[in-house]
Each structure stands twice: as C-alpha cells, then as structure tokens.
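What follows is one structure encoded as structure tokens, with my remarks underneath.
Read the figures in this text as sums done on the coordinates, not as results from a lab. Since the structure is predicted, the reported quantities are computational estimates derived from the model, not experimental observations. Please note: Cβ atoms are built from the backbone with ideal geometry, for glycine as well, and neighbour counts cover all protein chains shown.
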Amino acid sequence: MDPFDVLKFCPKCGKSAWENKHANMRVCRSCGYEMYKNPTIGGAALIFDQQDRLLAVRRTKEPAKGTLHLPGGFCEAGECIEDAVKREVREETNLEISLGKYLFSIPNHYEYKGVELYPLDFFFEAKIKDTERLLPDKSENSEILFIPRREINIDAFGLESVKAALQRYLGR
Ligand SMILES: [Zn+2]
C-alpha cells in the first residue's frame, strides 16, 4: 500500500485535508504540514575474505525471507551511512570491518508489513579485521556463508538492489 494511503490523517493537526502537490509530496490544507515520500537510507558491505570468498547471510525475515543477502541495514537518525554499515555488520555477524571503496547506490522498492518502502542502498567494499569473532545473530540471519567468487549465484540473492549491485560489481 502506498504510504500516502496509509496516513489518511495529518500527523500534526489530525485533519484529513491532504492536497497532492506531486507524486512524492503532499501538503495539509488545514495546517500546512508537508509530507514527502523520502527514500530510507540503507547500506551493505561486499566483504571478501583472504581466500576471495564473499560473505553472505541468509535472511530469516521478510522481505525475501530465506534468500541470500549482503550484511547491512538501515541508517538511524543522526548516523552516517559508513557507521551504519559497520554497526549492522557487527550486529549481524559480530565482525569488525574496515570499509574500503564506496561503490554506488541503487534504489530499491518493496512492501514491508503492507506498506511500500523506497530504500536507497549504498554499497561499500569492506575487509574483515578478525574472522575469529564470527557469530551469527539468529534473529536476523539463519546462516553466514563464505562463497568463492566464481560460485556466486546472483539469483540466490532475494532483494533487487543486491542483485543489481552484484551484477555491477562482478561485471556479469
Ligand atoms: Zn495538518
């Protein structure tokens, strides 16, 4: 469902007096409150170990439950995307990483709990500081895999932005 259809009433004055200015912006005619459909900023790390294997995780949550994913997640308020990626990797795998090159950003689009989301995902190269700390967070991911570069099956990854990122990065 479109987020504009979910929020029928103005969160500031409580009236239902929306006027659409364009597809991604509307204004409350009663109090002037402006509402935008902004992207949610997310990030993920392309981490290859010493044997040139990609670190992937298997999702235990929707969207794309059961498929492979790159470690990462959403930015919190006041946080930069670099810190968000490092924090999310730490939460999901217990690993400390050092970020390498920023690669590119790719817009994503999917439904979460019945509401459309518009994530904008930033991708970074990263290196693991210490693999012995590896410890999966079972609430987020059922397993952590190291996949040799030549055996990476892009179709096994569930989210469109991650598939596109791997295609671009691996030149396929
Ligand atoms: Zn209002």
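The residue pairs whose first member lies in segment 28-42 and is without any contact (Cβ under 8 Å) to a residue 24 or more places away in the chain, whose second member is near the ligand (Cβ under 9 Å from one of its atoms) and among the small types (Gly, Ala, Ser), and whose beta carbons are closer than 7 Å, counting only pairs six or more residues apart or on different chains, are Cys28/Ala17; Arg29/Ala17; Ser30/Ala17. Residues in segment 7-62 that are among the small types (Gly, Ala, Ser) and either part of a strand (DSSP E or B) or within 14 Å of the ligand (Cβ to nearest atom) (or both): Gly14, Ser16, Ala17, Ser30, Gly32, Gly42, Gly43, Ala44, Ala45, Ala56. Restricting attention to segment 66-100, the residues that are surrounded by fewer than 20 Cβ atoms within 10 Å (Cβ to Cβ), within 21 Å of Lys113 (Cα to Cα) and without any contact (Cβ under 8 Å) to a residue 60 or more places away in the chain total 3. Residues of segment 43-64 that are in contact (Cβ under 8 Å) with a residue 60 or more places away in the chain and charged (D, E, K, R): Asp49, Asp52, Arg53, Arg58, Arg59, Lys61. If I filter segment 96-111 for residues that are aromatic (Phe, Trp, Tyr) and in contact with a helix residue (DSSP H, G or I) (Cβ under 8 Å, 6 or more places away or on another chain), do I get at least one hit? Yes, that holds for at least one residue. Only one of the numbered conditions (1) within 16 Å of the ligand (Cβ to nearest atom); (2) touching a strand residue (DSSP E or B) at 6+ places or on another chain (Cβ under 7 Å) is violated by Glu92, and that is (1). Of the strands (runs of 3 or more DSSP E) entirely within segment 81-169, those holding at least 2 residues that are of a type in the set (Asp, Glu) occupy 119-128. Within segment 90-123, work out how many residues are over 18 Å from Glu62 (Cβ atoms) and more than 12 Å from the chain's Cα centre (by Cα). The qualifying residues number 14.
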